[in-house]
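The next block holds one structure in the form of structure tokens; read it before the comments.
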Amino acid sequence: MTTEQTTGPAAPGTPPERMRERVAALLERSRARSTRLTDLDDAELQSQHSPLMSPLVWDLAHIGSQEELWLVRDVGGREPLRPEIDGLYDAFQHSRSSRVELPLLTPAEARAYVAEVRDKALDALHRSPLSGRPLEHEGFAFGMIVQHEQQHDETMLATHQLRAGGPLLDAPPPPRPDVPVTDPAAEVLVPAGPSEMGTTTEPWALDNERPAHTVDLPAYLIEAYPVTNGRYAEFVEAGGYDDRRLWTDAGWAHRVDEGLVAPRFWSRDADGTWWRRRFGVVERVPVDEPVVHVTFHEAQAFARWAGKRLPTEAEWEKAARFDPATGRSRRFPWGDDDPTASRANLGQRHLQPAPVGAYPEGASALGVHQMLGDVWEWCDSGWHPYPGFRMFPYPEYSQAFFGGDYAVLRGGSFGTDPAAIRATFRNWDHPVRRQIFSGFRLARDARPGIDL
Ligand code: AVJ
Ligand code: FE
């Protein structure tokens, strides 16, 4: 059985025996990660490190609760293990900031609970035909639960980043490019024409990624790399945070209310050197890394300062997936095969984004780099269903948020597991959030006679 860290979501057409192996390996990998993120003393697990986040012990038991609901009760057909705790771990019943007040399971109880659930979930995996009803077809419910645990692991990683005090996590630095990037603002021209967006065939794609449909975009340019800290620092130094004209009304109101002056976790010393705090370590801001921990509003203000704009979600996806040689859209930027360590910075293998240019093997057919991994990228699109959307299997994953005050994020971060990302994957958050691993890249319209 493979547990190598880069195994991605199950591919279309995976036979049930291989599917079982992949699911078991991915469940094991997510649990190893959850365990590492919660291998802390009880006080660390039970305290609230930020009002934006749950106590870590809530995430742990919530992971078990969702797994019990879908894999043990529904797929496995078993009775509830602890029906009395269901409400505590229902994200819709309690806001993140209020969860610390609840009579939560203790860390020891939570660990015992998730282990017992896991036992029964593995039993369900071996009994399920992984075909027939939609929930079990191609292992969907199992893939959904793997992704759910990994999503909460990324959330827990963000909680670690918010926590005060010295480092608790450790990882080697990401790779550096063999050939340094000379122009971090380099652009790629994406030709006008139809391309496929979303998917109908990806076995573990969530409801919001479905169905596949054609979009027909005019030509545009998109930057080959996410915007770096070096470029972002120029915007800060140029007074970008004080220039009202660069901000939308909502963006300016937020910037003033919160007193934003730089990305979260940055500070400037008396000499004007920028420092950042990263998982308990204070270090110089590396100029060639993608900027991270910015709001949608900050990304938009930067874009206006640079004379460009954020890509729409459709533009982002076409740049990531479209192969002009075949007219086809790929599962991943580099093709249809799983992520590898040389294709993308995913899975918390490193505790930071990699410098731009570090993943030439991961570039898309059009030549756009680092679209998966490193930083989530804000897009200039709200959170809406695709034409033909059908809610499945529960409304509180995607549907409950459609039309709300959200912007789409694409591509995953260094903290996103490979099994929980693909070029069709859609994420969303409030435009004022930046405790997530959020960055962005720029785009602009192509000008006839100049760019074309
Ligand atoms: C899709 C990342 C916005 O973390 O709020 C986890 C994922 N949904 N449990 C979130 C999710 C239910 C969700 N995001
Ligand atoms: Fe959840």
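No value in this document is a laboratory result; all are computed from the given coordinates. The structure presented is a predicted model; accordingly, all values stated were derived computationally and were not measured. Here Cβ is always computed from backbone atoms with ideal geometry, including for glycine, and neighbour counts include all displayed protein chains.
Can you tell me the 0 to 90 degree angle between the C-alpha axis of helix 249-258 and the longest principal axis of the chain, rounded to 10?
70
Just need the relative contact order of the stretch 3-162 here, percent rounded to a whole number, with Cα pairs under 8 Å and 6+ apart.
Rounded, it is 34 percent for the stretch 3-162.
Roughly what angle does helix 296-305 make with the longest principal axis of the chain, taking Cα atoms, 0 to 90 degrees, to the nearest 10?
The angle comes out near 20 degrees.
Enumerate the amide H contacts of Trp428 below 5 Å, restricted to partners 5 or more residues apart or on another chain; note that Pro and chain-start residues carry no placed amide H.
Hits under the 5 Å cutoff: Leu409.
So what's the net charge close to Val285: Lys and Arg +1, Asp and Glu -1, counting the other residues with Cβ under 13 Å from its Cβ?
For residues surrounding Val285, the net value is +1.
Taking θ = phi - 60°, what integer Hz values does the Karplus form 6.51 cos²θ - 1.76 cosθ + 1.60 yield along the stretch 177-183, in sequence order, with x for Gly and Pro?
Working through the residues one at a time gives x, 5, 10, x, 7, 7, 10 Hz.
With both bridge residues required to lie in the chain, what share of the DSSP beta bridges run antiparallel, to the nearest 5%?
Within the chain, antiparallel bridges account for around 95 percent of the total.
With just the Cα atoms defining each centre, how far is the stretch 314-337 from the stretch 1-63? Give it in Å.
For the stretch 314-337 versus the stretch 1-63, the Cα centre distance is 28 Å.
Helix 140-162 versus the longest principal axis of the chain: what angle, 0 to 90°, nearest 10, using Cα atoms?
60
Given H placed 1.01 Å from N in the peptide plane, which residues other than close sequence neighbours of Asp417 have an amide H under 5 Å from its amide H?
The answer is Gly347.
Could you line up Lys318, Lys120 from fewest to most neighbouring Cβ atoms inside 10 Å?
Neighbour counts put them in this order, fewest first: Lys120, Lys318.
Which value in Å does the Kirkwood hydrodynamic radius of the stretch 3-162 take, with 1/r averaged over all unlike C-alpha pairs and then inverted?
Hydrodynamic radius (Kirkwood, Cα pairs) of the stretch 3-162 is 16.1 Å.
Provide the net charge surrounding Thr38, with neighbours chosen by a C-beta distance below 11 Å and charges set as Lys +1, Arg +1, Asp -1, Glu -1.
Value of the local net charge: -2.
Using Cα centres only, tell me the gap between the stretch 104-128 and the stretch 262-289 in whole Å.
41
Tabulate in residue order the Karplus-calculated ³J(HN,Hα) for the stretch 352-364, using 6.51 cos²θ - 1.76 cosθ + 1.60 with θ = phi - 60°, rounded to whole Hz; enter x for Gly and Pro.
6, x, 8, x, 4, x, 6, 10, x, 5, x, 5, 6
Taking the highest mean first, how do the peptides 345-353, 379-387, 283-291 order by number of other beta carbon atoms within 10 angstrom per residue?
My ranking of the peptides, most packed first, is 345-353, 283-291, 379-387.
Please get the size of the charge dipole for the stretch 296-374, origin at its Cα centre, with Cβ charges of +1 on Lys and Arg and -1 on Asp and Glu, quoted in debye to the nearest 20.
200
Taking H placed 1.01 Å from N in the peptide plane, check which residues at least 5 places from Arg278 or on another chain put their amide H under 5 Å from its amide H.
Glu283
Whole percent per 20 Å bin, from 0 to the bin with the longest distance: what is P(r) over all C-alpha pairs of the chain?
It works out to 25, 59, 16, 0, in whole percents.
Expressed as a rounded percentage, what relative contact order does the chain have, with Cα pairs under 8 Å and six or more residues apart?
The normalised contact order for the chain reaches 19 percent.
Can you pull a Stokes-Einstein diffusion coefficient for the stretch 347-391 at 10 °C (1.306 mPa s), Rh from Kirkwood over Cα pairs, as a whole number of µm²/s?
For the chosen part, D equals 120 µm²/s.
I want the local charge near Gly388. Using Cβ-Cβ distances under 14 Å, sum +1 for each Lys or Arg and -1 for each Asp or Glu among the other residues.
Neighbour charge sum, excluding Gly388 itself: -1.
Would you mind working out the magnitude of the charge dipole of the stretch 3-162 relative to its Cα centre, with +1 at each Lys and Arg C-beta and -1 at each Asp and Glu C-beta, to the nearest 20 Debye?
With Lys and Arg at +1 and Asp and Glu at -1, about 380 debye.
What ranking do 304-310, 179-185, 145-151 get when scored by the average of other Cβ atoms within 10 Å per residue, highest first?
Sorting 304-310, 179-185, 145-151 by mean packing, highest first, produces 145-151, 304-310, 179-185.
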